[in-house]
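The values are calculated or read from the model by the stated rules, or taken from the named source; none is laboratory data. Every value quoted in this text rests on a predicted model; they were computed, and no experiment measured them. Ideal geometry is used to build each Cβ from the backbone, glycine not excepted, and the neighbour counts take in all protein chains shown. We work out accessible area using only protein heavy atoms, side chains counted, and drop any ligands, DNA or RNA first. Shrake-Rupley method; radii C 1.70, N 1.55, O 1.52, S 1.80 Å.
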Amino acid sequence: AKTVAARALECMRVCEIHSEVVEDAEAVSAVQQFLDDERMLVEPACGAALAAIYSGLLGRLQAKGCLPPSLTSVVVIVCGGNNINSRELQVLKTHLGQV
């Protein structure tokens, strides 16, 4: 996006935001794990959000004091599955050395 959506900017001002970067391999691995766990195939962009759960990022943020030590719930928005199929997932995994 070329500009920030007004609502996103509003949320940033009200909520505490922690921006984190995940590696492509973590995102693709999270896509595979989510597929195995939930039987839903999503795109790697969604896998980046899922990687926060599957890679242990939440635990690391808790250890650093960025998040409370006990979380009662975590919400991950899962979307974007119409531009990937199992063959494309395998190609991505091969490209990233995960096969």
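Given the criteria in contact with a Phe, Trp or Tyr (Cβ under 8 Å, 6 or more places away or on another chain) and open to solvent by less than 70 Å² (accessible area, probe 1.4 Å), does A30 qualify? Steps first, answer last, please.
Working: in contact with a Phe, Trp or Tyr (Cβ under 8 Å, 6 or more places away or on another chain): yes; open to solvent by less than 70 Å² (accessible area, probe 1.4 Å): yes.
In short, yes.
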What number of residues within the stretch 79-99 are open to solvent by 70 Å² or more (accessible area, probe 1.4 Å) and small (G, A, S)?
1
Residues satisfying the stated conditions in the stretch 44-99, i.e. closer than 18 Å to I17 by Cα and among the charged types (D, E, K, R):
R60, K64
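In the stretch 1-15, how many are assigned to a loop (DSSP other than H, G, I, E, B) and more than 20 Å from L57 (Cα to Cα)?
Quick first cut of the stretch 1-15, residues assigned to a loop (DSSP other than H, G, I, E, B) only: 1-5, 15.
Within this subset, residues satisfying the condition of being more than 20 Å from L57 (Cα to Cα) are 1-5.
Qualifying residue count for the region: 5.
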Residues satisfying the stated conditions in the stretch 1-26, i.e. open to solvent by less than 80 Å² (accessible area, probe 1.4 Å) and either farther than 23 Å from L50 by Cβ or of a type in the set (G, A, S) (or both):
A5, A8, L9, A25
Output for the stretch 68-78, where each listed residue is surrounded by 10 or more Cβ atoms within 10 Å (Cβ to Cβ) and within 11 Å of the chain's Cα centre (by Cα)
V76, V78
